Amino acid sequence: MRQTSPDLEVSGSASGTSLLREFLRSPLLTATVAPSSRWLATQMVVPIPERGEPTVVELGPGTGAFTRLIQKRLGGRGRHIAIELNPRLAGLLGRRFPGVEVVHAGAADLPELMAERGLSADVVVSGLPWVAFRPATGVPLLPLVADSLSPDGVFTQFAYTWTRWAPPARQYLRDLHTTFEEVVLSRTVWRNLPPALVYLARRPR
């Protein structure tokens, strides 16, 4: 993990400022301008088992809006790997959550990272935008996520409700149904800004 400058040593209450700053510096590496709410985070981590030693992977954790609840739900069990492309946010995340294995890498590196560790994921939690799943060049991301999951694995992804009917979102939903046996959409989380919903996909084909 790369080291970052001291100006990113912020408390949880300053995460929004930090994320906005990183978006302005590197909009291609930071897909959003504000952290997700705890109400949305709660929906995102529902599939994490309450027992056993699950392996949970986070894609694009940013400043840790989902990370905190994942750690709480795991309660010291299993393994938590967070893959963050922005090196400054990766450094911040590592300092805020020393119990998380933070990896400075892209989501497309997921299969290689899991193979190196001899692991498959029980749950993958994604904070990435639609465009990351069908890049202009390279391999589509969704099959790579599915290949990194256990047979009963679960993938969660959030989306803002106002983007749900856009062509990329409709294509993404078709891709989910092609890649997973079961796809469920949550109710709208109105207490997120902007309002959002969660796609939950189980059992990769």
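The values are calculated or read from the model by the stated rules, or taken from the named source; none is laboratory data. Keep in mind that what you see is a predicted model, and the values were worked out from it rather than measured. Backbone-built Cβ (ideal geometry, glycine too); neighbour counts: all protein chains shown. These accessible areas exclude ligands, DNA and RNA; they are computed on the full protein's heavy atoms, side chains included. Shrake-Rupley method; radii C 1.70, N 1.55, O 1.52, S 1.80 Å.
DSSP loop GluC sites (Glu not before Pro) in region 43-86 with at most 12 other Cβ atoms within 10 Å of their Cβ, which ones?
Listed in order of number, the matching sites are Glu50.
How large is the convex hull of the Cα atoms of region 117-159 per residue, expressed in Å³ as a whole number?
Cα convex hull per residue, to the nearest whole number: 78 Å³.
At a probe size of 1.4 Å, how large is the accessible area of Arg88, to the nearest 10 Å²?
In the full protein context, Arg88 sits at about 50 Å².
For a quick size check, give me the Cα extents of region 75-149 along its three principal axes, largest first, whole Å.
Cα extents, longest axis first: 35, 27, 20 Å.
Give the separation of the Cα centroids, region 173-205 to region 55-86, in Å.
The two parts, judged by their Cα centres, are 19 Å apart.
Plugging the Kirkwood radius over Cα pairs into Stokes-Einstein for region 78-205, at a temperature of 37 °C and a viscosity of 0.692 mPa s, what D comes out in µm²/s?
Stokes-Einstein gives a translational diffusion coefficient of 212 µm²/s.
Do you know the relative contact order of region 39-104, to the nearest whole percent, from alpha carbon pairs under 8 angstrom that are 6+ apart?
32
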